[in-house]
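Worksheet: the structure to be examined is printed underneath.
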Amino acid sequence: MVLAESVQKWFGRNEVLRGIDLRVEPGEVSVIIGPSGSGKSTFLRCINHLEKISGGRLSVDGELVGYRQQGDRIYELKDKEVARKRSEIGMVFQRFNLFGHMTALENIIEAPRHVLGRDRATAIERGRALLERVGLGDRADAYPAHLSGGQQQRVAIARALAMDPKLMLFDEPTSALDPELVGDVLEVMKTLAGDGMTMVVVTHEMGFAREVGDQLVFIDEGVVVERGTPRDVIASPQHARTQAFLSKVL
Amino acid sequence: MSAVVVLAIVAWFVRAALASHFVDGRVVRQYLFSPLILKGARNTVLVAILSQVVGVILGVIFAVMRLTKNPVLKAVSGFYIWFFRGTPVLLQLFFWFNGVPSVFKHLTIALPFTHVVLYSTPMTTFMTPFMAAFLGLALNEGAYMAEIVRAGIMSVDEGQVEAASALGMTSGATTRRIVLPQAMRVIIPPTGNEFISMLKTSSLASTITYVELLRAAGDIYSTNLQPVPLLVDAAIWYLAMTTVASIGQHYLERHYARGQAREMTPGFLRRLTGNLALRGKR
């Protein structure tokens with residue numbers, strides 16, 4: 001589903017990603033961990049072209065991200081084409097980023113209506129079903145400012161799911177939440193993984209990684225230091241840097 | 001105690017004004033609804049609303065241009081704001097009314113690169129006092145609105161744009177449906193001030209012979225030699241207009257405040273209108 005080959009990213013003269021290789025199979029949950037500043041969020045944002053990669057290749061579902069290849073030349077896609085590709089990839093942000101001027105339900109039906117062109121009734125019906133699914137069926141008409149962080153994040157997940165994405169990206173989805181609200185969000189994510197959604201999750205929740213992850217990837221200083229099944233990596237990390245990191249977070 | 005002193009001073013002024021027959025109430029009443037004053041008031045409202053609407057549209061366009069990455073659009077917008085904000089609006093009115101017709105004798109609209117003329121008229125026919133006032137006020141207002149809209153757009157969290165992009169919305173749709181509606185909360189209050197200011201600034205158009213409210217009053221008192229009652233008439237109409245405008249602003253603000261955690265407190269106007277309603281019942 002996702003194939004990254006020596007992906008590089010420069011911010012000015014600062015090399016943030018120094019050749020990331022990663023493979024995510026359909027239906028698989030990949031959990032990315034690593035110290036802050038390691039480049040894990042940047043890598044996630046490259047997957048839907050929120051950040052442009054500076055080198056290497058990155059493809060989703062067999063198609064290059066943000067570019068198209070013709071012969072051996074690579075062209076950047078137009079704004080519209082990038083947008084169409086992004087619509088197939090769901091993303092959940094650390095700070096939720098719900099649209100503040102819209103109710104929970106309006107947040108969810110916005111893109112299906114105006115990007116996919118679905119009619120209002122269909123979008124609303126599906127939106128309500130999704131709110132029900134994340135346990136917020138009764139908060140359809142609440143504005144984000146009147147929802148708790150955990151509720152906002154669950155609406156944000158429903159908003160991403162409303163586009164029927166083939167891949168879901170989670171950028172530290174529980175890092176901005178009060179501890180007692182983390183559980184509800186993780187529960188929704190676990191259900192989603194159980195339903196066979198392909199997910200790439202940047203997180204510090206080692207419990208979630210162990211329970212739900214098919215693959216655990218440790219990124220440090222812009223490279224993949226170690227990867228494997230969560231159980232193996234957590235129980236017997238091979239690299240000193242992985243050991244050092246895990247000893248701090250476990 | 002301070003209130004007593006202030007009231008005493010106010011009372012003294014009012015008494016002095018009444019005693020000196022400063023204002024002749026009969027003349028005020030005689031002209032308040034006279035045809036020329038009504039025409040002036042209508043023209044003031046007309047040119048102010050048109051200029052403000054076009055100013056807002058220009059403001060949105062130039063603000064978006066200024067915030068793009070395209071260096072040409074950025075520079076054009078920057079120059080426009082610099083120029084129209086940096087020169088007096090009165091100068092701009094003179095420029096359109098006196099300057100332009102003195103240089104361009106005809107206004108001709110032709111298909112580009114051909115000799116097919118679609119429209120041609122002497123410039124003096126086209127550049128009426130109304131047209132010059134409208135162009136001057138709208139273009140000047142556009143420069144101020146551009147800065148107001150820019151501040152509004154920048155007040156919207158970057159995360160909103162990212163979320164919209166991630167959902168597959170194009171940058172145009174993101175601006176229209178996500179950014180601008182949320183920027184409105186910041187844009188509306190200063191825009192209300194701008195419109196109130198526009199109602200009054202339009203009086204400058206009296207200098208280019210546009211018969212708006214102040215010019216109408218001036219034309220009357222230049223013949224009847226009663227400036228004070230006619231200025232009072234004009235003041236009454238200006239106050240009526242600005243009062244209506246502030247009430248409209250209040251409702252607009254309330255509309256765009258939806259979704260805010262902090263509910264809007266009933267403002268000065270709400271209390272004022274509340275009081276008026278009470279008084280009306282008695």
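The values are calculated or read from the model by the stated rules, or taken from the named source; none is laboratory data. These numbers come from a predicted model, not from an experiment. Backbone-built Cβ (ideal geometry, glycine too); neighbour counts: all protein chains shown. Protein only, heavy atoms only, side chains kept; ligands, DNA and RNA dropped before computing areas. Shrake-Rupley method; radii C 1.70, N 1.55, O 1.52, S 1.80 Å.
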Among the residues of region A:80-105, how many are open to solvent by less than 80 Å² (accessible area, probe 1.4 Å), within 18 Å of B:Met169 (Cα to Cα) and either without any contact (Cβ under 8 Å) to a residue 40 or more places away in the chain or assigned to a loop (DSSP other than H, G, I, E, B) (or both)? 16
Exactly one of these conditions fails for A:Ala160: (1) open to solvent by less than 10 Å² (accessible area, probe 1.4 Å); (2) without any contact (Cβ under 8 Å) to a residue 60 or more places away in the chain. Give me its number. (2)
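Quick check on this structure: which one of A:Thr229, A:Thr203 is in contact with a strand residue (DSSP E or B) (Cβ under 8 Å, 6 or more places away or on another chain), among the polar types (S, T, N, Q) and open to solvent by less than 20 Å² (accessible area, probe 1.4 Å)? First the steps, then the outcome.
On the way: A:Thr229 fails: open to solvent by less than 20 Å² (accessible area, probe 1.4 Å).
Step by step, each of A:Thr229, A:Thr203 is checked, and only A:Thr203 is in contact with a strand residue (DSSP E or B) (Cβ under 8 Å, 6 or more places away or on another chain), among the polar types (S, T, N, Q) and open to solvent by less than 20 Å² (accessible area, probe 1.4 Å).
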Which numbered condition in (1) touching a residue at least 24 places away in the same chain (Cβ under 8 Å); (2) open to solvent by 10 Å² or more (accessible area, probe 1.4 Å); (3) within 14 Å of another protein chain (Cβ to nearest Cβ); (4) over 27 Å from A:Arg118 (Cα atoms) is the only one that A:His146 fails? (1)
Take the residues of region A:83-94 that are among the hydrophobic types (A, V, I, L, M, F, W, C) and either in contact with a Ser or Thr (Cβ under 8 Å, 6 or more places away or on another chain) or more than 8 Å from chain B (Cβ to nearest Cβ) (or both): which is nearest to A:Gln153 (Cα to Cα)? A:Val92
Tell me, please, whether a residue that is away from chain B (no Cβ under 14 Å), open to solvent by 20 Å² or more (accessible area, probe 1.4 Å), of a type in the set (Ser, Thr, Tyr) and in contact with a Gly (Cβ under 6 Å, 6 or more places away or on another chain) can be found in region A:5-16. yes
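Does region B:133-150 contain any residue that is aliphatic (A, V, I, L, M) and either modelled with pLDDT under 95 or surrounded by fewer than 16 Cβ atoms within 10 Å (Cβ to Cβ) (or both)? Lay out the reasoning, then the answer.
Just the residues of region B:133-150 that are aliphatic (A, V, I, L, M), to begin with: B:133, B:135, B:137-139, B:143, B:145-146, B:148-149.
Applying the additional criterion that residues be either modelled with pLDDT under 95 or surrounded by fewer than 16 Cβ atoms within 10 Å (Cβ to Cβ) (or both) yields none.
No: region B:133-150 contains no residue that is aliphatic (A, V, I, L, M) and either modelled with pLDDT under 95 or surrounded by fewer than 16 Cβ atoms within 10 Å (Cβ to Cβ) (or both).
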Of the residues in region A:35-73 that are open to solvent by less than 30 Å² (accessible area, probe 1.4 Å) and without any contact (Cβ under 8 Å) to a residue 24 or more places away in the chain, the one that is farthest from the other protein chains (Cβ to nearest Cβ) is A:Leu64
Is at least one residue of region A:106-129 open to solvent by 60 Å² or more (accessible area, probe 1.4 Å), of a type in the set (A, V, I, L, M) and in contact (Cβ under 8 Å) with a residue 24 or more places away in the chain? yes
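Any chance region A:211-228 includes a residue that's over 28 Å from A:Gln8 (Cα atoms) and in a helix (DSSP H, G or I)? Step through it out loud before you land on a result.
From region A:211-228, those over 28 Å from A:Gln8 (Cα atoms) are A:211-212; that's our starting set.
Next cut, in a helix (DSSP H, G or I) only: A:211-212.
Checked against the condition, which is being over 28 Å from A:Gln8 (Cα atoms) and in a helix (DSSP H, G or I), region A:211-228 yields at least one hit.
So that you can scan it fast, the table gives a plain yes or no per residue for (1) facing another protein chain (nearest Cβ under 10 Å); (2) more than 30 Å from A:Ser36 (Cβ to Cβ):
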| site | (1), (2) |
| --- | --- |
| A:Tyr75 | no, yes |
| A:Asp79 | yes, yes |
| A:Phe96 | yes, no |
| A:His101 | yes, yes |
| A:Leu105 | no, yes |
| A:Leu116 | yes, yes |
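Of everything in region B:157-180, what is more than 7 Å from every other protein chain (Cβ to nearest Cβ) and open to solvent by 20 Å² or more (accessible area, probe 1.4 Å)? Give them in sequence order. I'd like the intermediate steps shown before the answer.
To start, the set of residues in region B:157-180 that are more than 7 Å from every other protein chain (Cβ to nearest Cβ) comprises B:157-158, B:161, B:164, B:172, B:174-176, B:179-180.
Within region B:157-180, B:Asp157, B:Glu158, B:Val161, B:Gly172, B:Thr175, B:Arg176, B:Leu180 meet the criteria.
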